[in-house]
There are 2 protein chains.
Amino acid sequence: MEFKFEVIHKSKKSRARVGRIYTPHGVIDTPSFVAVGTNGTLKALDSKAVDELGLQLMFCNTYHLLLQPGPGVVKNAGGLHSFMNRTQPIITDSGGFQVFSLAYGGVYSELKSKGKKKHDGTVLKINEEGALFRSYRNGDKILLTPESSIQAQKDFGADIIVAFDELPPYHISSEKLKASLERTHRWEKRSLDAHVANKNGQALYAVVHGGLDRNLRKKSCEYLSSLPFDGYAIGGSVGKDRQEMLGLVTDVMPWLPDDKPNHLLGIGDLPSIAGAIPHGVDTFDSSHPTKCARHGLLFTKTGTVRIAQGGNANLLQPIEDDCPCPTCRHYTVSYLHHLFKAKETTWAILATIHNVAFMVQLMEGYREQILLDLV
Amino acid sequence: MEFKFEVIHKSKKSRARVGRIYTPHGVIDTPSFVAVGTNGTLKALDSKAVDELGLQLMFCNTYHLLLQPGPGVVKNAGGLHSFMNRTQPIITDSGGFQVFSLAYGGVYSELKSKGKKKHDGTVLKINEEGALFRSYRNGDKILLTPESSIQAQKDFGADIIVAFDELPPYHISSEKLKASLERTHRWEKRSLDAHVANKNGQALYAVVHGGLDRNLRKKSCEYLSSLPFDGYAIGGSVGKDRQEMLGLVTDVMPWLPDDKPNHLLGIGDLPSIAGAIPHGVDTFDSSHPTKCARHGLLFTKTGTVRIAQGGNANLLQPIEDDCPCPTCRHYTVSYLHHLFKAKETTWAILATIHNVAFMVQLMEGYREQILLDLV
């Protein structure tokens with residue numbers, strides 16, 4: 001199946017839409033939640049277990065896979081799908097996000113003055129060619145450029161790949177932000193050229209940048225929309241909190257092409273999804289639901305359950321009565337509470353299953369509501 | 001189904017035998033490997049995943065379950081089976097082993113002078129009544145006696161339960177060993193009395209003691225065999241190495257009743273199983289195969305695979321071609337090597353599945369060989 005996007009229904013109430021992304025490994029119904037399996041596995045779930053949950057798209061990180069196991073091993077296995085035995089679609093990022101987070105610190109660490117990683121010296125050089133960094137695994141120097149990122153993503157063979165971009169810091173002069181945007185545009189164009197030379201059945205998404213500067217964001221949308229990318233992701237700094245992020249999404253979404261799928265990078269908490277869907281966002285990736293699971297937080301339709309709470313010790317019912325996930329079908333809150341208190345790995349497995357299944361159902365619900373023009 | 005044991009076949013070549021233990025939750029074909037799920041779960045596998053592997057008997061630890069979640073919670077859930085949603089048989093121990101390991105140090109730590117736990121003060125008092133210790137979880141004082149151990153095991157409701165005994169240190173004078181044995185016998189008789197007052201469909205195993213002293217071991221077998229226990233476990237110090245252990249098993253096994261199932265406590269490495277089966281041991285519990293899995297060691301018919309070895313990075317085949325386990329059916333050594341190197345929890349899951357499945361198949365193989373008088 002070739003990559004294709006169709007809009008099934010546009011809400012009469014908002015810019016929300018229901019769509020379908022066709023990929024070589026199957027269909028993604030949008031809006032869709034994309035779980036993050038950084039190292040080629042969701043944490044605490046093997047690929048067959050993930051298959052059972054109906055997760056249509058999984059996000060893997062090029063930066064991590066470059067370092068371990070390396071593109072050669074994945075290519076030797078016939079690509080990520082056969083390496084990890086996943087039959088459903090996969091998206092990889094460019095690796096840029098992690099490298100520039102190491103160089104500049106992420107927005108969060110920057111704002112919290114926790115930017116220790118800035119100074120760890122693993123990023124050796126950033127110039128027009130790309131970014132040179134040192135592997136934290138074996139000390140090898142690795143040069144990440146638009147061309148080498150695309151080549152790695154060709155070796156991995158995900159259905160959707162992402163152009164190489166620069167992630168500028170949140171605190172940056174408007175002059176520097178403009179210079180960064182221009183470089184990012186040159187890098188994305190080089191990514192596109194490298195991709196077009198060997199399409200390999202994959203789709204390439206651009207990443208629109210410009211930080212919180214609306215003029216730059218608009219320019220970015222216009223420039224990148226003029227190029228034949230298959231989809232558009234909103235990246236770069238999207239603000240210090242949810243309000244700034246949603247304000248930006250509100251403004252940017254109308255500037256993106258209507259007939260291409262779009263993706264909101266790294267956002268996947270429940271209120272952000274609720275806030276962004278009415279603006280027409282198609283896909284969301286985030287490690288939030290799986291990370292919450294490991295830390296004892298279970299999502300339900302009536303709110304988040306903190307499994308550690310003492311009141312859960314004797315609760316002989318599933319997390320949610322009507323949840324069809326294997327965890328809810330087989331185990332009580334009482335048992336899950338015990339597994340968490342006993343620090344058993346089995347907790348991480350069962351909690352991850354539930355939260356991923358919850359996200360899948362949540363997005364099904366949003367699609368139904370959009371079809372009824374209720375969102 | 002009531003508890004019952006039948007011997008199907010006695011080898012013409014050795015004392016090895018094939019048998020069947022009937023329990024309220026199903027049959028255990030012997031010789032059988034008993035995986036250890038200390039806290040009411042195998043580490044890194046939920047009960048449904050364990051069911052698929054054909055593990056007929058699981059071992060849970062009363063000491064740990066007493067502290068977390070406590071017998072009240074398990075009883076409230078209707079017993080361990082329904083608490084953890086296991087349909088197959090379960091055996092619990094008395095809790096004595098852990099308490100006395102805390103008090104005296106285990107044989108291993110004693111021999112290696114690593115007995116730090118001796119001095120951590122969690123065991124407050126040991127006298128004729130039992131052992132008083134402090135919960136490492138909440139500081140509560142807990143009195144473990146024959147009666148309270150049996151009561152906890154009634155609350156847990158395992159198919160097979162074990163009498164409360166004292167675990168004396170490896171280095172002990174013969175006088176003290178004799179005194180300990182006599183106390184253990186009194187405690188086991190009290191355990192039996194408590195059990196008989198409320199059988200609850202459960203079977204009670206005695207634990208024969210006497211350390212390496214053959215006279216004491218013989219006395220222990222004779223005394224405990226004179227009482228109506230349902231089975232006999234070999235416990236206490238069985239020596240500092242495999243040779244001493246197998247020497248002891250060789251001597252002790254003929255002193256145990258032929259028509260009752262027997263169990264070798266805490267032994268389950270492959271050469272020990274190979275050495276003990278010809279002496280007629282029916283069941284073996286050990287955390288060895290699951291611990292090895294987590295540490296990167298996979299069992300195969302041709303030896304142990306160290307998954308971390310570099311040569312595994314590109315190996316596009318299952319751990320064992322003819323292994324029917326889900327891990328071997330779905331994943332390559334190359335992928336497993338990557339998961340281990342990336343420190344992913346998914347490694348622990350997939351490796352545990354394989355090693356438990358290996359043990360199940362290994363014991364099937366032994367049973368076939370015994371039936372053919374080859375062992």
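The values are calculated or read from the model by the stated rules, or taken from the named source; none is laboratory data. What you see is a predicted model; the values in this text were computed from it and never measured. Counting neighbours? That spans all protein chains shown, and the Cβs are built from the backbone with ideal geometry, glycine included.
Numerical summary
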quantity: Any hit, the range B:170-177, residues being more than 21 Å from the chain's Cα centre (by Cα), of a type in the set (Val, Ile, Thr) and over 20 Å from B:Gly280 (Cβ atoms); calculated: yes
quantity: The range A:175-210, residues that are assigned to a loop (DSSP other than H, G, I, E, B), touching a residue at least 60 places away in the same chain (Cβ under 8 Å) and crowded, with 20+ Cβ neighbours inside 10 Å; calculated: A:Gln202
quantity: Members of the range B:345-362 found to be surrounded by fewer than 22 Cβ atoms within 10 Å (Cβ to Cβ) and either more than 9 Å from chain A (Cβ to nearest Cβ) or among the charged types (D, E, K, R) (or both), listed by number; calculated: B:Val360, B:Gln361, B:Leu362
quantity: Any hit, the range A:13-35, residues being within 30 Å of A:Met253 (Cα to Cα) and within 14 Å of chain B (Cβ to nearest Cβ); calculated: yes
quantity: Segments classed as helices (runs of 4 or more DSSP H), wholly inside the range B:65-139, with at least 3 members that are at pLDDT 90 or above and away from chain A (no Cβ under 11 Å); calculated: B:96-104
quantity: Number of positions in the range A:214-237 that are surrounded by fewer than 16 Cβ atoms within 10 Å (Cβ to Cβ) and within 18 Å of A:Tyr170 (Cα to Cα); calculated: 2
quantity: When residues of the range B:36-55 are limited to those that are hydrophobic (A, V, I, L, M, F, W, C) and facing chain A (nearest Cβ under 8 Å), the one farthest from B:Phe3 (Cα to Cα); calculated: B:Ala44
quantity: Residues of the range A:1-58 classified as of a type in the set (Ser, Thr, Tyr), closer than 17 Å to A:Thr283 by Cβ and either assigned by TED's automatic domain parsing to the domain that holds A:Leu362 or crowded, with 24+ Cβ neighbours inside 10 Å (or both), total; calculated: 3
quantity: Which listed residue is among the aromatic types (Phe, Trp, Tyr), at pLDDT 95 or above and either under 18 Å from the mean Cα position of the chain (by Cα) or in a loop (DSSP other than H, G, I, E, B) (or both), from B:Phe33, B:Phe5; calculated: B:Phe33
quantity: Residue, surrounded by the fewest Cβ atoms within 10 Å (Cβ to Cβ), within the range A:121-174, restricted to residues that are touching a Gly at 6+ places or on another chain (Cβ under 9 Å) and among the polar types (S, T, N, Q); calculated: A:Ser174
quantity: Cross-chain or 6+ apart pairs with Cβ under 6 Å, the range B:308-328 first and within 12 Å of chain A (Cβ to nearest Cβ), then modelled with pLDDT under 95 and crowded, with 19+ Cβ neighbours inside 10 Å; calculated: none
quantity: 3 or more residues in contact with a Ser or Thr (Cβ under 9 Å, 6 or more places away or on another chain) and closer than 23 Å to A:Thr38 by Cβ: qualifying helices (runs of 4 or more DSSP H) within the range B:281-375; calculated: B:333-341, B:345-371
quantity: Flag if B:Ile267 is in a loop (DSSP other than H, G, I, E, B), in contact with a Phe, Trp or Tyr (Cβ under 6 Å, 6 or more places away or on another chain) and not small (Gly, Ala, Ser); calculated: yes
quantity: Qualifying positions in the range B:1-44 - among the polar types (S, T, N, Q) and touching a residue at least 40 places away in the same chain (Cβ under 8 Å); calculated: B:Ser11, B:Ser14, B:Thr23, B:Thr30, B:Ser32, B:Thr38, B:Thr41
quantity: Failed criterion for A:Leu265 (all others in (1) out of contact with any Ser or Thr (no Cβ under 7 Å at 6 or more places or on another chain); (2) more than 25 Å from A:Gln56 (Cβ to Cβ); (3) of a type in the set (A, V, I, L, M, F, W, C) hold); calculated: (2)
